[in-house]
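S.K.: One structure is given below, represented as C-alpha cells, and several questions about it will come after.
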Amino acid sequence: MPRSQLLIILMCCLPLAACLRCYTCMFPSISPLDCLKFPVECPAGQRCLSSVASGRRGPLQLTLYEKSCAVASQCDVSGEKYTSGVSFNYTNVCCDTDLCNSAVSVTAPSWVGVMLCLLPALGLLLA
C-alpha cells in the first residue's frame with residue numbers, strides 16, 4: 001500500500017477535535033437560586049465562564065449568577081458594571097474542561113436545599 005494512501009487512512013481514523021461544552025444560563029439568576037442552565041458547544045478558542053455579580057439597592061442585596069462560553073479577554077477579570085439602577089461588582093472565572101462551570105457558588109444553596117428548608121413550614125401550613 002503506498003504511503004499516501006496509508007496516511008489518508010490514518011488521518012480518517014484520528015478523532016476530530018471536539019469543541020468545548022459549557023453550561024450557559026437561559027437567564028441570569030438572582031441569589032439564592034442557581035440559573036436554569038443547559039449545555040452548549042462553544043466556538044473554537046472559547047472557555048467556560050462562571051460569573052458572580054453582587055450589588056445593593058437600598059436595603060436589598062442582590063447577587064446574580066451567570067454561566068456561558070467566553071473569549072479569553074473575559075476570563076479571570078473583576079470589575080464593576082451598572083445595570084437597572086444598581087452598581088454591581090463582578091468576578092469572572094473560567095475553566096477549560098467539558099461542563100466545568102456547573103458548580104453553584106458555595107454561598108448559594110441549591111433548589112433541593114431551599115425546598116428542604118421550606119418543607120417544615122409547608123407542613124405547618126397544611127396541618
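S.K.: Would it be correct to say that L125 is loosely packed, with under 11 Cβ neighbours inside 10 Å and at pLDDT below 50? Working first, answer last.
M.R.: Numbers: loosely packed, with under 11 Cβ neighbours inside 10 Å: yes; at pLDDT below 50: yes.
So L125 fits the description; yes.
S.K.: Report those strands (runs of 3 or more DSSP E) wholly inside the stretch 40-113 carrying at least 1 residues which are aromatic (F, W, Y), modelled with pLDDT under 95 and surrounded by 15 or more Cβ atoms within 10 Å (Cβ to Cβ). Before you say what the answer is, go through the steps one by one.
M.R.: On the way: elements: 47-57, 60-70, 78-83, 86-95.
Answer list for the stretch 40-113: 60-70, 86-95.
The values are calculated or read from the model by the stated rules, or taken from the named source; none is laboratory data. Since this is a predicted model, take the numbers as computed values, not measurements. Cβ coordinates were reconstructed from backbone atoms using ideal geometry, including for glycine residues, and neighbour counts include every protein chain displayed.
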